[in-house]
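Working notes, structure below.
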Amino acid sequence: MADNKTDTGSPDRDRISLSEDYEIRDWTDSLGVPEERLREAVSAVGNSADAVRAYLNK
């Protein structure tokens, strides 16, 4: 799925894309976790940012 950088509404910020290097970097910085932990969380609960945060905080 192509990432339209001009379409930055809520749905774009609510999902974590592991297909873009800059998104991985931004999410790992934002969540304070290494890439491996981010990938583990997305694999476990999906790409919802809220679900990933909850998974990482448990």
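The values are calculated or read from the model by the stated rules, or taken from the named source; none is laboratory data. Being a predicted model, the structure only gives us computed values, none of them experimental. So basically every Cβ, Gly included, is an ideal-geometry build from the backbone, and we count neighbours across all protein chains shown.
Observations on the model:
- If you filter the stretch 38-50 down to residues that are under 19 Å from GLU20 (Cβ atoms) and out of contact with any Asp or Glu (no Cβ under 7 Å at 6 or more places or on another chain), you find that the one that is surrounded by the fewest Cβ atoms within 10 Å (Cβ to Cβ) is SER43.
- Residue within the stretch 20-42 that is under 11 Å from the mean Cα position of the chain (by Cα), modelled with pLDDT under 95 and part of a loop (DSSP other than H, G, I, E, B) present: yes
- Complete set of residues in the stretch 43-58 that are modelled with pLDDT of 95 or more and among the basic types (Lys, Arg): ARG53
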